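What follows is a set of notes on a single structure, which appears directly below.
Read-outs throughout are calculated quantities, based only on the coordinates presented, and are distinct from any laboratory measurement. Small disclaimer: the values here were computed from a predicted structure and weren't measured. Positions of Cβ are generated from backbone atoms using ideal geometry, with glycine treated the same way; all protein chains shown enter the neighbour counts.
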Amino acid sequence: MKVLIAGLGDLKEFGLKSLRDAGHFVGVIDLPHRIPINLCDWWRAGDRFSVDSMLEAASSAGFTWDAILCWEELSTDIARDVARKLGVPAPRMPAGHFRDKGVMHGRLREAGLPTPQLGVARTAAECERLGEGRFPLVVKPTDYGGSGGVRVVDDPRDLAAAFHAAATLSASGRVAVDRYVAGEEFSVEAVTWAPGDTQIVAVTEKHLTRPPYCVELGHVSPATVPETDRTALAAATVAALDALGMEAGVCHAEFRMSADGPVLMEIAGRPAGGQIPRLVELATGWNLNTAELAAVVGERTTPGTPAAECAAVRFFTGDGQTPFRHPVTLDDARRPPLLGTLRELRYTAAEGTVARVPRGPEDRLGYAILAGTRADVTTALGALDDGAKEYRGD
């Protein structure tokens, strides 16, 4: 098939390679510096925030696309609009339900599902009214991506600044105000083949920086979680997808496991970022990218053979003071625990860089992907962390 990715996002080489390895012709529209041209069969530079720009680029191919996908969170509704205008299959879900956190949680409340959202504010005064007497709070843009602009606020005196930081990133200027939910954080990856037909693919545990920003530092798949919790997370994901009207595609749902059960933080109608699709394939055999395409065109896929019992990614960050040192040296890579578990290593900052305390994914300085037995992966993660205490959101 001829598959167009209309809005790629960062570090999506695994998805491109997955589709090409499956025999598909793959095209990409995005900013030119974000396109790995060597992994594409066709590409055009285009404004991923403009329907007209992406429509013009897609139409310039001179042939008909068989499906249009989007892996850039901020462009998902735009890409589906392009597909509709061209009459090409794309993920099917109501516009806005998976992009706007205000709309999303409103639909969940209507369905009687638990949600942490107290409301949506357009002004600092509205934000203060929603948060009064309810601290700690979580303030976030209603329509941004990743963890950008998200902040935990303990002190009422910090609320206005947090509101303005989130509003600056929000395209609509609207800011979601949530109660803080204590508990470990997990993501659930699922594919919806047809309305009411959702298959849970993986439950992944998330490692975060400490508040106030709670930036994702890593993921481990599959999560070490009691079967009762796994079942509850799966059921909550299916209920949320039904409430939000998912018809065909994949989702990335993020939960906190509270004392009363899983509480949905947010859910995206696209494959996960943060290298999670790579981890899921290593540990389960499921390829989220080829599964998404199959669902879009009305087919089904099955998992391959897992390569490992467990897979993980660790992102490297700075602390605002200490010069960055590459965590994996030549000697480290020659011996266990990294020898045998290290599958991919990338640095995006030079040694000696002094990087700020991370406030979002843009502050990551590189990553390592690990795979092997759970014991070996756990040991390797410990070596990379060098004794630093991990934060799970509890």
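Comparing Asp47, Asp155, Asp197 in a Gaussian network model of the chain (Cα springs below 10 Å), the most mobile by mean-square fluctuation is Asp155. Computed over all pairs of different Cα atoms, the Kirkwood value for the hydrodynamic radius of the range 43-180 is 16.5 Å. Per-residue packing, averaged as other Cβ atoms within 10 Å, sorts the ranges 121-131, 286-296, 216-226 into the order 286-296, 216-226, 121-131, beginning with the highest. Which of rounded, prolate, oblate describes the chain, given a ≥ b ≥ c as roots of the alpha-carbon gyration tensor eigenvalues and a/c under 1.5 marking rounded, otherwise prolate only if a/b is larger than b/c? Cα axes put the chain in the rounded bin. Remark: the range 329-394 is approximated by an ellipsoid whose semi-axes, taken from the C-alpha gyration tensor as √(5λ), come to 22, 17, 11 Å, largest first.
Under 8 Å for C-alpha pairs, at least 6 residues apart: give me the relative contact order for the range 2-86, rounded to a whole percent. Intermediate results must be reported in sequence, preceding the final value.
Values: 147 pairs, mean separation 30.6, N = 85.
The value is 36 percent.
With respect to the cross-link table entries Lys12/Lys101; Lys2/Lys101; Lys85/Lys140; Lys140/Lys206, which display a Cα-Cα separation exceeding 30 Å? Among Lys12/Lys101; Lys2/Lys101; Lys85/Lys140; Lys140/Lys206, the Cα-Cα distance tops 30 Å for Lys2/Lys101; Lys85/Lys140. Peptides 84-97, 344-357 ranked from most to least packed by the mean count of surrounding Cβ atoms within 10 Å: 84-97, 344-357. With helices as the sole contributors, the chain gives -8000 deg cm²/dmol at 222 nm; each DSSP H run of n ≥ 4 counts as -39500 (n - 2.57), and the sum is divided by every residue. Result for the chain in a Gaussian network model with C-alpha springs under 10 Å: among Ala235, Ala176, Ala311, the largest mean-square fluctuation is at Ala235.
Remark: relative contact order (the chain) = 14 percent; criterion is Cα-Cα distance under 8 angstrom and separation of 6 or more residues.
Put simply, when 113-120, 61-68, 266-273 are sorted by average Cβ atoms within 10 angstrom per residue, most first, you get 266-273, 113-120, 61-68.
Which whole-number percent of Cα pairs in the range 2-86 have a distance greater than 22 Å?
13 percent
Between Lys206, Lys101, Lys12, the residue with the greatest mean-square fluctuation in the GNM of the chain (Cα pairs under 10 Å linked by springs) is Lys12.
If the segment from Arg179 to Ala194 were pulled out straight at 0.36 nm per residue, it would be longer than the present Cα-Cα gap by 2.1 nm.
Residues with beta-carbon under 13 Å from that of Glu126, excluding Glu126: net charge, scoring Lys, Arg +1 and Asp, Glu -1?
+1
Entry note, the range 63-162: relative contact order of 20 percent, from Cα contacts under 8 Å with a spacing of 6+ residues. Averaging 1/r across all pairs of distinct Cα atoms in the range 117-179 and inverting the result yields a Kirkwood radius of 10.9 Å. Other residues within the sphere of radius under 10 Å centred on the Cβ of Trp71, judged by their own Cβ, net out at -3 (K and R +1, D and E -1).
For the range 184-385, compute the orientation-averaged projected area of the C-alpha convex hull (one quarter of its surface), in nm².
Spelled out: convex hull of the Cα atoms, projected over all directions, averaged, 11.9 nm².
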